[in-house]
1. Considering each residue of the stretch 132-169, count those that are surrounded by 10 or more Cβ atoms within 10 Å (Cβ to Cβ) and either touching a helix residue (DSSP H, G or I) at 6+ places or on another chain (Cβ under 8 Å) or modelled with pLDDT of 75 or more (or both), and give that number.
2. Out of everything in the stretch 110-127 that is in a helix (DSSP H, G or I) and without any contact (Cβ under 8 Å) to a residue 12 or more places away in the chain, what residue ends up being surrounded by the fewest Cβ atoms within 10 Å (Cβ to Cβ)?
3. Residue by residue through the stretch 39-57, note down the ones that are exposed (fewer than 13 other Cβ atoms within 10 Å of the Cβ) and within 18 Å of residue 2 (Cβ to Cβ).
């Protein structure tokens, strides 16, 4: 997604003053109509659309975006404190969101714990479940193959008749009927 530039915002302003509709403005500057609509909704002031103010508002929103949060010392301290209380990264993020405390995503918290582990830290030990390494059985060329398997052509002829499962079901049905007769 490419954001609007200051130049494009000036163009939008000029086209608005010229009386063009959002659809026409979008075609002229090569953007989607919804982008123009969203731009005007977010950045229009009571006095009208000012491209400089609109650009400043957009830049401010961009800086305050959760994607641009810096992973600072306070966050690390809060994470370490809560992890040592056996909180999960999801709980830490949820708590911080509820109490309006700046915090990175739970995924980033897991990454921080993993980084700590690689440098000899012990935070990973406080997690409720450690990441398990999967054990691989057999050699690489034989992995995933059934030992002593037989071809389907070697199956017994009775299987082709398809009566075995049906025969068991018939016996069960007969038993069920006998039970009903006994209850009467």
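The values are calculated or read from the model by the stated rules, or taken from the named source; none is laboratory data. Here the structure is a predicted model, which means the values were calculated and not measured. As a convention, Cβ positions derive from the backbone with ideal geometry for all residues, glycine included, and neighbour counts pool all protein chains shown.
1. 2
2. 118
3. Scanning the stretch 39-57 gives a single hit, 42.
Each row is one residue, and each column tells you yes or no for (1) surrounded by 12 or more Cβ atoms within 10 Å (Cβ to Cβ); (2) modelled with pLDDT of 90 or more; (3) in a helix (DSSP H, G or I); (4) out of contact with any strand residue (DSSP E or B) (no Cβ under 9 Å at 6 or more places or on another chain).
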{"residue": "9", "(1), (2), (3), (4)": "yes, yes, yes, yes"}
{"residue": "15", "(1), (2), (3), (4)": "yes, yes, yes, yes"}
{"residue": "20", "(1), (2), (3), (4)": "yes, yes, no, yes"}
{"residue": "35", "(1), (2), (3), (4)": "yes, yes, yes, yes"}
{"residue": "59", "(1), (2), (3), (4)": "yes, no, yes, yes"}
{"residue": "86", "(1), (2), (3), (4)": "no, yes, no, yes"}
